[in-house]
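Beneath this line is the structure, given in structure tokens, with notes to follow.
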């Protein structure tokens, strides 16, 4: 998705937080070194932990998504830690490529990789119409949810859209042999919602207003929008479903009504 004009790009915010944390740490260490000979000033890991904490506080002040906070906390300490290991540079490149294949441009979409568990799949099965229907999963990840649903409901047609290459490939492989499942790679914002009896999304708070606007424009009358964990701001859910799993999952159910 594209960021709204009021929202700075997430990578820019992350860079500001890291630079701000670094600058604040340098100032703190410089000021303290003038009045103290504390041993911790000579321990890089402690200084890195201080920088990580300050960067996370700045990111929080800049209203970064909460999932960025542990990244800020851990980034500089991990840089210091790996300096103590004899690791060939190629491994760092391989790790970067692997993360890119798994998460792709999460910095733009602001949607981390969330996987739907078996308990939530059981709850979704109860929400499907008793008659044959079409179901769309926006950001289907590794395809585990669609596989579970498709096996139980062979009379329904299931479509998943995933933009990250490696989860898309895994989803394709996991659903091979299931004639009622289609996995597409691409931007789910370009996927039409009309004609689906149920549209499922497990995204993040950031894209929910845009998803709601798209659902109102495109979803068929009577169709059900199910959002895992993230409610549409300022839009009361028609119903909620509490899932009995370890993370106390909550499903928000909406029946979008076209404007006018």
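The values are calculated or read from the model by the stated rules, or taken from the named source; none is laboratory data. Small disclaimer: the values here were computed from a predicted structure and weren't measured. Glycine also receives a Cβ, built like all others from the backbone with ideal geometry; neighbour counts cover every protein chain displayed.
Can you tell which of 171, 179, 213 is surrounded by fewer than 18 Cβ atoms within 10 Å (Cβ to Cβ) and part of a helix (DSSP H, G or I)? Quick ask: steps written out before the conclusion?
Working: 171 fails: surrounded by fewer than 18 Cβ atoms within 10 Å (Cβ to Cβ); 179 fails: part of a helix (DSSP H, G or I).
Only one candidate passes the filter, namely 213.
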Quick one: is residue 159 closer than 21 Å to residue 219 by Cβ and over 16 Å from the mean Cα position of the chain (by Cα)? yes
May I ask you to say which residue of 153, 148, 134, 108 is at pLDDT below 95 and at negative phi? 108
Would you check if there is a residue in the stretch 116-123 being assigned to a loop (DSSP other than H, G, I, E, B) and at pLDDT 55 or above? yes
Working only within the stretch 124-157, note down all residues that are part of a strand (DSSP E or B) and within 24 Å of residue 210 (Cα to Cα). 134, 135, 136, 137, 138
Could you tell me which of the residues 140, 133 is closer than 19 Å to residue 227 by Cβ, under 21 Å from the mean Cα position of the chain (by Cα), buried (at least 16 other Cβ atoms within 10 Å of the Cβ) and assigned by TED's automatic domain parsing to the domain that holds residue 207? 140
All but one of (1) surrounded by 14 or more Cβ atoms within 10 Å (Cβ to Cβ); (2) closer than 19 Å to residue 117 by Cα; (3) touching a helix residue (DSSP H, G or I) at 6+ places or on another chain (Cβ under 9 Å) hold for residue 252, so report the exception by its number. (3)
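Rundown of residues vs (1) within 24 Å of residue 163 (Cα to Cα); (2) loosely packed, with under 14 Cβ neighbours inside 10 Å; (3) without any contact (Cβ under 8 Å) to a residue 12 or more places away in the chain, yes/no style:
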site: 199; (1), (2), (3): yes, no, no
site: 202; (1), (2), (3): yes, no, no
site: 205; (1), (2), (3): yes, no, no
site: 218; (1), (2), (3): yes, no, no
site: 223; (1), (2), (3): no, no, no
site: 245; (1), (2), (3): no, yes, no
